[in-house]
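Worksheet for the structure shown next.
The values are calculated or read from the model by the stated rules, or taken from the named source; none is laboratory data. Just so it is clear, the model here is predicted, and its values are computed rather than measured. Cβ placement follows ideal geometry from the backbone for every residue including glycine, while neighbour counts extend to all protein chains displayed. Quick note on the areas: whole protein, heavy atoms, side chains included, nothing else; ligands and nucleic acids left out. Shrake-Rupley method; radii C 1.70, N 1.55, O 1.52, S 1.80 Å.
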Amino acid sequence: MVMGDVATGTDVLVIGGGPGGYVAAIRAAQHDLDVTLVERDAYGGTCLNHGCIPSKAFITAADLAHEAGNAEAMGIHADPAVDMAGLAAWKDDVVDQLTSGVEKLCKANGVHLLEGTAAFKDDHTARIAHGGEGQGMESVEFEECIVATGSRPLEIPGFSFADEPVWASKDALAAEAVPDELVVVGAGYIGMELSTTFAKVGADVTVVEMLDSALPAYDEDVTRVVRSRAADLGVDFQFGEGASEWHETGDGIEVVTETDEGETASYDADKVLVAVGREPVTDTLELDTIGLEPDENGFLATDDRARTEVDHIYAVGDVAGEPMLAHKASAEGVVAAETTAGEPAALDHQAIPAAVFTDPEIGTVGMTESEAADAGYDPVVGEMPMRASGRALTMNESEGFVRLVGDGETGFLLGAQIVAPEASELIAELGLAIELGATIEDVASTIHTHPTLSEATMEAAENAMEQAIHTLNR
Amino acid sequence: MVMGDVATGTDVLVIGGGPGGYVAAIRAAQHDLDVTLVERDAYGGTCLNHGCIPSKAFITAADLAHEAGNAEAMGIHADPAVDMAGLAAWKDDVVDQLTSGVEKLCKANGVHLLEGTAAFKDDHTARIAHGGEGQGMESVEFEECIVATGSRPLEIPGFSFADEPVWASKDALAAEAVPDELVVVGAGYIGMELSTTFAKVGADVTVVEMLDSALPAYDEDVTRVVRSRAADLGVDFQFGEGASEWHETGDGIEVVTETDEGETASYDADKVLVAVGREPVTDTLELDTIGLEPDENGFLATDDRARTEVDHIYAVGDVAGEPMLAHKASAEGVVAAETTAGEPAALDHQAIPAAVFTDPEIGTVGMTESEAADAGYDPVVGEMPMRASGRALTMNESEGFVRLVGDGETGFLLGAQIVAPEASELIAELGLAIELGATIEDVASTIHTHPTLSEATMEAAENAMEQAIHTLNR
Amino acid sequence: SIQSGAAGRSRADRDRTLAMPATRQLAREEGVDLDAVPASEERDGEAFVTPADVRSYADAGREATPEGATLPTASAPE
Ligand SMILES: Cc1cc2nc3c(=O)[nH]c(=O)nc-3n(C[C@H](O)[C@H](O)[C@H](O)COP(=O)(O)OP(=O)(O)OC[C@H]3O[C@@H](n4cnc5c(N)ncnc54)[C@H](O)[C@@H]3O)c2cc1C
Ligand SMILES: Cc1cc2nc3c(=O)[nH]c(=O)nc-3n(C[C@H](O)[C@H](O)[C@H](O)COP(=O)(O)OP(=O)(O)OC[C@H]3O[C@@H](n4cnc5c(N)ncnc54)[C@H](O)[C@@H]3O)c2cc1C
């Protein structure tokens, strides 16, 4: 590739440097394609800069401080002080290590990096507008293009992220001080992770949720564990209320909510975090130039090769649809890259696991019992409560359970729901089990190390077979 | 079964109520056999009362106090005080919950519990001596017997566990105060777990090891990570020295060591923990009565049904040989029980995982690279260093790595070595992978949740395939 | 040896096939439809296709095609 003043050429243009885009760029380059990655903001995208990584860093620190301050029962007496500015500096350092790592890995694999905003000029050309006024333009000609522009937080009427007391998750994750009172609008996974975290570092948190439960995407008995723990931490839940507006008061703000019946309530706060969902980013691209249009939900529809309706344009990650998760983005990025290289890849994964980093964590993969029944299976279910797990007791964290769902006829594992410490890690084994076509009996007959939380998986499998040792079989 | 004054009868007599024995008893009872479990000391055996469980409780508490006290970099300022008596009380409470759980589960499954020491009287009768003088005797007639008498710590000349300053692991785990100075003899897994733990709660620890490395059963680069972390915690290693004797000094003791060349050294201490290994317990049984003899290492040899040379006598757990691990004991207990019930069980597991709960943890399963080469494979190896793991960085624990070993020809996964936070949990996925006959590519193609430590497993698999994204491929 | 049948291979016709990820990838690389590959194994009553099944099905296919026929085959004299 010759870098020119006006136009350069590349085999594969990747737009967006998040976990969808950078993974696609690296893998395409590993197949000896000439690859250019354009990012307008920061390598690593939402995930590394404003999402997965900073939130998990905050959670680690909040957990540590909270646990140490509440461990008298274990003989530990401490009164930890959390210096939010220090925590934020550490978090920035973690983010910097990872984003500079992404940049280095791209370069080491021969990916050309371009800073700027890309938009389609014609079928095989993109215009790259470099940051800031008068910084100039550049054109890139490409054979194929992978769109990985991600998503942005939804705003709701009356709450503009431009206003200083109104936080998007990104602002919460850049906080240099703990607000005394925080109202969180939305009890989805981002709202729940951040509510718990801020409650642990001392904020007085109220969660306002239009629906009637927290984490409505999950089974009631899974979310109950998380919600009741959050309540123990002092999080106040207001279900069935939508946030309608906010006002400055003398010493802070007040957030006004409304029920379906028109009843209003108001909550004092210093900040209000709006976490009601995310929408795909396509408006930066001038898609009409290439004859591509988002679907009714704003996503770019793709086939099992991550290809859009326009043959040489791929879409991966949040912009390509649910689940909006980093590892789904990367998996699609790999398949798109392999396809541009002529390799026979496909999105034929049996299951995409998901985790919520609340207290305790949630990890799920595949079908729930009712989903399995709806899909026509006669499900068998096995469970192990964490209070029967030796490892959980020695960790002083014995709330939650592991549940496995299998096909009653063949025994095949169909899904797993875990709400337990380290659920995000425990789910890995079950993702592999489903991917490999394992049965409940395969899981039960595999020796698991003692004492570990993962034994609960084996016990749940044995419970499904009515031969559990550490729980009573029904 | 009729409980009589003199003799009772039972289908299956299980001797020893540890993880080998109680699991065997419950499973046999689940097959509607009449089962009697004899335990002379405490239900749950070494594991629940003096081993796995109390050690992990101590480790949790020591970790929490140490981490909270050393988290200035994360903006957390705390100066935790550890009240060892409080910690010990909490640990006792955890142990009590689990051991009373074992008792309840045995009863709920219909297992008859007998307290006392069992010894063989003839081929089908055991004498049970109840605790204490004059507490009486009882005979039990059995069809089949499962021996699960476990192991005890080895003593070394000059160090009697009867002397108050000389600790077995059991005494260390009952400590109500932290010794200022602790000498640990033996750098096996028990010695390393306890050294790290006591160093974290403030003891000045010296480890004396006859061999020239810590955890000699593991690969050098695995143990290096653990040893260097222990050294950072102030643990002082003295390799190539054997402990020969100890003396009272004015204010404590001194432990004298000797090298192969006869050079001596001496270390001041308050306590000396001797953790040089464990030996099977067979001397309580009067084995000669039934014509059974331990092998040259003191173990009872068994076949793949856990059957000894005497057809109706089974042996499971530590008494039946290496690896002396609780989950191996339970797996053997299940097979012995199923066999007594006429079920077609067998010890045909492909792999038995193992964990060491040091800092960071170690988790291993299957073969190392050199073991695979020795077995005639042409091994491929893939690695992912934890410093490239986003999750590890957000946990502020990025030492260590995940290594996978595969068969270069077929791709089958042969083994895994992990030294990383949560290694004990991460190894579960790889145990299942080996058990199911998965290939390196199967692991690489399974979507793993972001951000998790388990992604490192996928990355290591991709590294073995020379297509890792987050590390450079060699 | 060249097998009988128009396609040179017997074709299974399932609508669901169990196979591990590496096997599915191999099928794509070999350009064969996994549901068509005769399974040598069963898992709890369901056809389970192994990498060897895919390879032999693909080989049989190649031998039966004109391009395949131009290659030396097992039936050719040594
Ligand atoms: C608070 C929070 C926590 C989260 N936690 C998790 C979690 O724990 N696990 C998980 O799996 N997911 C999590 N997510 C979701 C995860 O961040 C997204 O699924 C993931 O980032 C999607 O990756 P992507 O590559 O599709 O898009 P993004 O990461 O959003 O990256 C898109 C990139 O494209 C750039 N871009 C957009 N338009 C253009 C253009 N025209 N030209 C050039 N560049 C452009 C953007 O600047 C951005 O950097 C979280 C999200 C948030 C907000
Ligand atoms: C400090 C320490 C930490 C450990 N950590 C781990 C770990 O993390 N993970 C792991 O897998 N393993 C661990 N182990 C090893 C584990 O404890 C043993 O492998 C396990 O307990 C073996 O189980 P078992 O049933 O064979 O024997 P045991 O648990 O030893 O139980 C045997 C029982 O038999 C009883 N008994 C003996 N003789 C008679 C008789 N004649 N009549 C009646 N009763 C009798 C004993 O009182 C005892 O209760 C640890 C061990 C120690 C010491």
Boolean, A:VAL402 is within 12 Å of chain B (Cβ to nearest Cβ) and either open to solvent by 30 Å² or more (accessible area, probe 1.4 Å) or of a type outside the set (S, T, N, Q) (or both): yes
Those residues of segment B:413-435 which are more than 10 Å from chain A (Cβ to nearest Cβ) and in contact with a Gly (Cβ under 6 Å, 6 or more places away or on another chain), in sequence order: B:LEU413, B:LEU414, B:GLY415, B:ILE418, B:VAL419, B:ALA420
Residues of segment A:99-146 satisfying the condition of being within 19 Å of B:GLN467 (Cα to Cα), open to solvent by less than 70 Å² (accessible area, probe 1.4 Å) and not in a strand (DSSP E or B): A:GLY101, A:VAL102, A:GLU103, A:LEU105, A:CYS106, A:ALA108, A:ASN109, A:GLY110, A:VAL111
Helices (runs of 4 or more DSSP H) fully within segment B:415-474 counting 3 or more residues that are touching a residue at least 40 places away in the same chain (Cβ under 8 Å) and touching a helix residue (DSSP H, G or I) at 6+ places or on another chain (Cβ under 9 Å): B:423-435, B:455-464
Test: B:LEU114 is more than 9 Å from chain A (Cβ to nearest Cβ) and modelled with pLDDT of 95 or more: yes
Those residues of segment A:21-51 which are surrounded by fewer than 24 Cβ atoms within 10 Å (Cβ to Cβ), within 11 Å of ligand 1 (Cβ to nearest atom) and part of a helix (DSSP H, G or I), in sequence order: A:ASN49, A:HIS50
Among residues of segment A:182-205, those that are in a helix (DSSP H, G or I) and either away from chain B (no Cβ under 14 Å) or within 16 Å of ligand 2 (Cβ to nearest atom) (or both), counted: 8
Pairs, first more than 20 Å from B:PRO323 (Cα to Cα) in segment B:274-300, second open to solvent by 20 Å² or more (accessible area, probe 1.4 Å) and within 11 Å of ligand 2 (Cβ to nearest atom), C-beta under 6 Å, six or more apart: B:THR284/B:THR117
Verdict on A:GLU164 being touching a residue at least 12 places away in the same chain (Cβ under 8 Å), open to solvent by 10 Å² or more (accessible area, probe 1.4 Å), away from ligand 1 (no atom under 16 Å from the Cβ) and part of a loop (DSSP other than H, G, I, E, B): no
Candidate set: segment A:370-389, residues that are under 13 Å from A:VAL402 (Cα atoms) and of a type outside the set (A, V, I, L, M); chosen: the one nearest to ligand 2 (Cβ to nearest atom): A:SER389
All positions within segment B:26-43 that are near ligand 2 (Cβ under 7 Å from one of its atoms) and either of a type in the set (D, E, K, R) or at the interface with chain A (Cβ under 9 Å from one of its Cβ atoms) (or both): B:GLU39, B:ARG40, B:ASP41
Residues of segment A:302-340 satisfying the condition of being surrounded by fewer than 24 Cβ atoms within 10 Å (Cβ to Cβ), within 11 Å of ligand 1 (Cβ to nearest atom) and in contact (Cβ under 8 Å) with a residue 60 or more places away in the chain: A:MET324
Breaking point among (1) open to solvent by less than 20 Å² (accessible area, probe 1.4 Å); (2) at pLDDT below 95, for B:ALA214: (2)
Meets criteria (more than 16 Å from ligand 2 (Cβ to nearest atom), within 23 Å of the chain's Cα centre (by Cα) and at pLDDT 95 or above) for A:ALA351: no
Spans of helices (runs of 4 or more DSSP H) in chain C with at least 3 residues modelled with pLDDT of 80 or more and either among the charged types (D, E, K, R) or open to solvent by less than 40 Å² (accessible area, probe 1.4 Å) (or both): C:21-30, C:51-64
Residue match in segment A:364-386 (condition: within 23 Å of B:PHE357 (Cα to Cα) and within 11 Å of another protein chain (Cβ to nearest Cβ)): no
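What's the total number of residues in segment A:427-453 that are hydroxyl-bearing (Ser, Thr, Tyr) and closer than 11 Å to B:GLU435 by Cβ?
Adding up the residues that qualify gives 2.
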Residue count for segment B:60-90, restricted to those that are more than 8 Å from chain A (Cβ to nearest Cβ) and open to solvent by less than 30 Å² (accessible area, probe 1.4 Å): 1
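Look through A:LEU273, A:LEU287, A:LEU292 and report the one residue that is more than 9 Å from ligand 1 (Cβ to nearest atom) and buried (at least 20 other Cβ atoms within 10 Å of the Cβ).
Testing whether each residue is more than 9 Å from ligand 1 (Cβ to nearest atom) and buried (at least 20 other Cβ atoms within 10 Å of the Cβ) leaves just A:LEU273.
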Qualifying residue in segment B:365-387 (condition: farther than 29 Å from B:GLY150 by Cα, out of contact with any Gly (no Cβ under 6 Å at 6 or more places or on another chain) and within 16 Å of ligand 1 (Cβ to nearest atom)): no
Any hit, segment A:126-146, residues being under 23 Å from the mean Cα position of the chain (by Cα), more than 14 Å from every other protein chain (Cβ to nearest Cβ) and away from ligand 2 (no atom under 16 Å from the Cβ): yes
Residue satisfying all of: in segment C:24-45; in contact (Cβ under 8 Å) with a residue 24 or more places away in the chain and more than 10 Å from chain A (Cβ to nearest Cβ); farthest from A:THR410 (Cα to Cα) among these: C:VAL32
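Every residue in segment A:381-399 that is of a type in the set (Ser, Thr, Tyr) and open to solvent by less than 30 Å² (accessible area, probe 1.4 Å), please.
A:SER389, A:THR394
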